Every structure is written in structure tokens, then in C-alpha cells.
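The values are calculated or read from the model by the stated rules, or taken from the named source; none is laboratory data. Computed from a predicted model, the values in this text were never measured in an experiment. Heads up, the Cβs are rebuilt from the backbone with ideal geometry, glycines too, and the neighbour counts pull from every protein chain shown. Accessible surface is based on the protein model in full, side chains and every heavy atom, while ligands, DNA and RNA are left aside. Shrake-Rupley method; radii C 1.70, N 1.55, O 1.52, S 1.80 Å.
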Amino acid sequence: MHRIVVYGVVQGVGFRPTVYRVAKLLGLRGWVKNNGSNVEIVIDRDVESFLAELRKNLPVNARIERIDVSEYSGMSFDDFRILESSHGVKDFPPPPDLAMCDACLADFYEKGNRRYMYAFTNCTDCGARFTVIKNMPFDRINTTMFEFPMCRECNSEYEHPANRRFHAQTISCPECGPRYTLYDRNGTPVPVENPFEKFAVLIDAGKICVLKGYGGMHILCALDRIKYFRDWYRRKSKPFALMMRNLETVERYAYLSEIEREILLSRARPIVLLKKKAGFECLEDASPGLPNFGVMLPYAPVHHLIFQHLKSDGFVATSANVPGEPMIIENREAFALNADYYLLHNLKIHNRCDDSVLRVYSNRKFFIRKSRGFVPEALTIDAKGTVIAVGAQENLSASVLINGKIYTTQYLGDGLSYNVLQYMKGALSHYLRLFNVEHVDTICLDLHPGYTTRSVAFALAKKFNARTLEIQHHWAHAVSLFVDNSISNGVCIAIDGTGYGSDGKIWGGEVLNAGMKGFQRVGHLSEFPLIGGETAVNDIGRVAFAFAELTGNNLKREDDTLLRALMKKSVMCTSFGRVLDALSYVLGVCEERTYDGEPAMKLETLLMEGKPWVKMPDSLVECNGDEYVINVLPVFEKVFECRGSEKRADIAYAAVAAIVKNFVDVAIKSANEYGMKYIGVSGGVSYNDVIVSLFEKYVKQSGLTPLLHDRVPNGDMGISVGQCAIGAHDIECV
Ligand SMILES: [Zn+2]
Ligand SMILES: [Zn+2]
């Protein structure tokens, strides 16, 4: 007899049923079972041909990491069986949630099928996974579906090897499964024959509607009601994502590349930022002043049900939450939103999971939010030990390093909310339970003394009797990029809004020569005062005012006397994000920041139209001891000088291109000095298409290799990944 243990994502993907069918096909005797997070197989002969056949028939969502084969002398049978799961080692996660597969769609649209228009249709290839699982092994008893015992017919599908729902853990039908109910604003059920049809009619009629899905709730509103919706939701200009009927519909509204099409249709079904086509008022309403809008395709059966009855092309679908708070998952809490109607089901949401958001840059994915459809995902690094990292403060995620793999949580939100911190604790506990973690070596946190995530880190350190490690923000960005690209060191241009520097100042325009065990600040933007500290982050006119003062120009402000006084004692800052804010303000693109990244994102529209016709000073680089300083004042002098005589777009383009060129020049000097092959870019500013393409062009001209993100978010959601890797290498040093 032979014992085969398969490691990887092999549960919740129809792996055991496939093993069963292959064994039967080859006439083998033995058994298969889930053991911990792995699958254990015993067969009596023909290991080679069995494995070959298994690989040929591998379920679409399975991912084999390793296979161990050994001799076996335990129990066997005269036939082949699927046995009860056992609780062995847990070292691989369940799969992420998977969009409805074609076979299930066929069931769903087939009149007379048991699951015709059934809102919880799924199979071994599709459906909720991460959001419904409580623990491994991935058996119904460990999911929220356990509260819905299978009816006789579902059970017979489950037990019949020829059925494609053979051993599918989360199946149900209208007879035995969860169900949707339509409620009015008071929480009273609305008596209708078809709640989905009514719900679609209500959306078309302009009502504000809330829909509960697998991993959370969305607020929906018609495309021609977005202005009203903004008032209602008190969200002045932050973009809303849309859900559209199908790919053909999206093509009418947006320009798409082949890879964008592919990602829109992928099993993860994320929100993809796409370039707007002209002439659609709803797109301007959805993302005012921006060249892109976010859109996703239906992924759960309930979405298809709504589109079955909806007249319009799509609707706004935004996470349902009180601003700043985590997405709502409890039915009773939803009614506090004061929407007009609610379509809610009675299945519990175990793991909240917001939609993922990404934009495509050439063939790379820039994750703005990596969540539903992508978590949990393993990033392999060459390190031992167990590390937890709590990230920074905004756009939070936390990460856990176990057995050389980093697992990052779903998107958590902004750390200013107590509930977001609680959410982080819960999300981390879930991972620790999934992997049976009892010992933790190090807890990593940001260097910033004011970040609320510190409290989570210190509480965890106490609980596990682990050491804590404070990590500089931009170093974590750089390392997150290295992990993303499976390398261990390089030169990284880390550009973002705010990060606490090792010198107590605010950094954000940094060139770092970095590795896993340390970093050197090779260069940075010249320092400027952040007038009034954090206030200047939203009141971007303050940063512009500072640059006007420093270059002998005039920027009218009623509070100029106060600002001048404050300027002398303000914290100094080297943030590229703030420089872009100031440019945006001076060029009249944006006057205040009402959401994260707004001024810089609006500037991007202008940058896309810009031509390199305004001459900027050649070199901005100055030497200051062992650091290079990129002086931005000559750029602002030029900007103030040309304002009014040159096109705004051309001024913006020239200013940004000059700064990026000088960043790359400094990076090249450092790379050559230390014999580094790679120059990378990370941080929130690196989402900017124009900035990244300029970066890439300049690096390639030098013959070095540009490094970009693809799996780890460029922005602060990626910080915990970098922290984890640094924490792991720190253990080796102890
Ligand atoms: Zn399916
Ligand atoms: Zn049933």
C-alpha cells in the first residue's frame, strides 16, 4: 500500500471527489480524506499513473504545492472510499471566494432545474469559501452552512460520485438552503412573490437599496441617481464602484485591454479601474474629475437574479458601512443605514470581506485593495519563525508569517476607528486558528508613535509573550516590493503621503537602499514645512502656501499671518504625495482633500494630457553629507512663473517628470555604487500611471531593471507584508 499526502490549496475545491473518480477509473483500492489542511490518500498500487491522471483532472481552483509518497501498512478496503476528515497539521489555507462557474450558471438559467434562479447555487468549483469558513478542514460542519442541513435530494447529490456536487461542502437548494427576504426601511418584511424582481424594480425606480451578499453588504443605487445618492450618503466626491450587467455592457462605457477583460472575468471578480469613454454622465458622477471609474461584474447568483429583472445597465455597489467603520454584516445593524429597502438573507457572515480593487499597469496588477477573491493567498519567503505584523494606520491589513509563508488579511479599513482595530484582532485570530498557531516570535508595528495599531501590537505581544519590533514605514514599503518580486534587496523609491521617519520627521519621498536586515536613506526630497501638521493633509492650500512663501511667490489666504507664524515651528516633511497636493492646488485642479489621494488622483487626469514642453531645471540633486537631496523649490519657482502663460497640463507634466527623473538619477547612483540590479517603486504615489511609466522609462534607459508591484498592494495595505518579512529576518539576528 502507498500513502500519498498532498499539500496546497486542496480543500474546498473538489479535490477529494476528483481523487475518488480517478481511483475508481483506475480500479484502485484504498481511501482519501482531509487531514488538517491537507489531503491524505492511500492506494494499493500504480502511484505513478494515479498521480499523472490526478494532475490531468485537477480541479480548476486546486493548487498543489507538494506531494509526499511513503509506504503504508494500515487499514484498507476492497473498494475506494472517502473517509471522515481528521485533525492533522494545518499549514495551508482554504481558497478565496469564487465567482459562480459556468456549469452552475447553466443550472441557474435552466427552467425546471432544481436550482433554477436559486440565489445560493454553487458547487465544488464555485461559491463562498473564505467568508463562510470557521476552521479547517473545509467540511460543512466547519462552515456557516452547517446551520442548514441538506435535504434528501441535496444529500443524494452529495453522495453520488457521478454528480458534480459529489462531496461539495456548501451546497443547498430552495428546499433546504438559506433564503432572501425583502424588507422596507422599518425592517418589516415586504410580502412579494419574487423579492428579486421587486428589488430590481426598486433600484430602477431610484430607491436606495441594501443587498447582503456572502461576505458583507452593498448599498445599491441607480446610475442616474448618483448625485442624489452622494447627498444621502454625505460623500462629496469619493469614487463609487459600479456593477455592470456583463462584459459587453462594460465595453460600451470603458476602454479595456485584453488583460483587463481577463481580470474582470476572473474567478476573483474584482473591481477594476478602467478608462472612461466620453459622454456618460453617470461615470462622471461615479468618480468626479478622475479619468477612471471602478467596475465589477456579477459574481454571486443573487447579482444574476437582480440583473434578470433590472432594466438599466448596472448600479452603484458600494460597501455598506457607516463612514470610517467596517462593512456591516449583521441584518439588524443594516437598518441603521436608513436606506429605502433591504434584500437580506439568513446565512451568517463569518468573515467580512470587502471587494478587491485594482488597476492594471501594462501586465501588472496594482492592488488598491486586496480582499475578496484574493485572500487568503500565500507569499513565500525564505525565512523561519512566526511573525505577526499590524501594518500602518490607513488602508489597513495585517499579516501573519507561518512556515515561510506570509498570509495577509482582507482589507480592514482605517485604524482611527475602534471597531476597525477589533476587526483586525478578529481577522488575525481567525488566521491563527486556521493554522493552529500557538507560539509567536515577533510582533511588528510601524515606527509612528501615534498610530492606533500599536495597541493591537502590544496586546498581542503580551498574549504571546513575543517581542515587538518597530519598523520604519518606507523600509516596509520597499521590502513589500521585494517580497512581491521574490528578491531580497535593491534600491527602492518609496513615494507616498505620510510615513514617520527615523529622524522624527514626516517622510514620503525617499530613495532607500534596502534589504531585509536594514536600509540606508540614500536620498530624499528637500524638506518643507507641513503647516499645522496633519491639518495640511486635508487643507492642501497650506502646503501650496508654504511653497509659495519659500519661492518668494504670493498665494492669497485669509489666514496668511497665522500660517506664516505656524510655518516656523511646523514639522518638516519630504512627502511626494504632499508635493503633488501642492501642485494640484497651485494649478487649480483641486482645492481640498476630501478623500485619500484625491488631489494627486485628479492631477493624474491633467498629467495624462501633458506634453514635455515646459523646460524645468536640469538637475535638482544636491549632496548633503552622505545623502542626496532632490530640491523641489526650483520646480515650484518654474511652476509659479509659468502659471498663466503655459498650459496647466504641460506645467504639471514637466514638474512631475523632472522630480521623477531626479528620483531615478539618485537611485541609479546608489544602485551603481552598491552593485544593485534592481530599482523599484512603491508607496501610494506609485499607483499613478504617468509617474510609474516615467519611472520605468528612466530606469530602463539606465540599463537597470525596474521593479513594480503585482501581488502586494503598492499602498499602505502592503505595509504589513514588508513588516512580516523584516520581522522574520530579525529573528535570525537575535
Ligand atoms: Zn459551480
Ligand atoms: Zn436541498
Query - Within the stretch 252-350, strands (runs of 3 or more DSSP E) holding 1 or more residues that are on the phi > 0 side of the Ramachandran plot and among the polar types (S, T, N, Q) - result: none
Query raised in the report: Would you call M567 outside any helix (DSSP H, G or I) and under 40 Å from the mean Cα position of the chain (by Cα)?
Result: no
Requested in this report: Filter the stretch 165-183 down to the residues that are at pLDDT 95 or above and farther than 19 Å from H350 by Cβ, then identify the one that is farthest from the chain's Cα centre (by Cα).
Outcome: E175
Requested in this report: Would you mind finding the one in K276, K212, K207 that is charged (D, E, K, R), farther than 30 Å from V589 by Cα and open to solvent by less than 40 Å² (accessible area, probe 1.4 Å)?
Outcome: K212
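Tell me, which strands (runs of 3 or more DSSP E) lie completely within the stretch 352-399 with 3 or more residues that are touching a Cys at 6+ places or on another chain (Cβ under 9 Å)?
Values: elements: 357-361, 364-369, 378-380, 387-389.
Ranges flagged: 387-389.
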Query raised in the report: A657: assigned to a helix (DSSP H, G or I), surrounded by fewer than 23 Cβ atoms within 10 Å (Cβ to Cβ), of a type in the set (A, V, I, L, M, F, W, C) and modelled with pLDDT of 95 or more, yes or no?
Result: yes
Report task. Being part of a loop (DSSP other than H, G, I, E, B) and either among the hydroxyl-bearing types (S, T, Y) or surrounded by fewer than 24 Cβ atoms within 10 Å (Cβ to Cβ) (or both) is the filter here, so list the residues in the stretch 517-548 that pass it. Result -> K517, G518, S526, E527, G532, G533, E534, D539
**Report entry** Those residues of the stretch 113-148 which are open to solvent by 40 Å² or more (accessible area, probe 1.4 Å), more than 16 Å from ligand 2 (Cβ to nearest atom) and farther than 19 Å from G8 by Cα, in sequence order
**Finding:** I141
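If you take the residues in the stretch 157-181 that are open to solvent by 70 Å² or more (accessible area, probe 1.4 Å) and assigned to a loop (DSSP other than H, G, I, E, B), which one is nearest to ligand 1 (Cβ to nearest atom)?
R164
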Requested in this report: Assess whether P17 counts as being surrounded by 16 or more Cβ atoms within 10 Å (Cβ to Cβ), within 16 Å of ligand 1 (Cβ to nearest atom) and part of a loop (DSSP other than H, G, I, E, B).
Outcome: no
Query raised in the report: Just a yes or no: is a residue in the stretch 54-66 over 30 Å from R115 (Cα atoms), surrounded by 22 or more Cβ atoms within 10 Å (Cβ to Cβ) and away from ligand 2 (no atom under 16 Å from the Cβ)?
Result: no
Query raised in the report: Is the stretch 83-103 home to any residue that is surrounded by 15 or more Cβ atoms within 10 Å (Cβ to Cβ), touching a residue at least 40 places away in the same chain (Cβ under 8 Å), within 16 Å of ligand 2 (Cβ to nearest atom) and under 20 Å from N163 (Cα atoms)?
Result: no
Report task. Being closer than 25 Å to G501 by Cα, without any contact (Cβ under 8 Å) to a residue 40 or more places away in the chain and open to solvent by 30 Å² or more (accessible area, probe 1.4 Å) narrows it down to one of S429, S455, so name that one. Result -> S455
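Specify which of the listed residues (A278, A378) is free of Cβ contacts under 8 Å to residues at least 24 places away in the same chain and of a type in the set (A, V, I, L, M).
The match here is A278.
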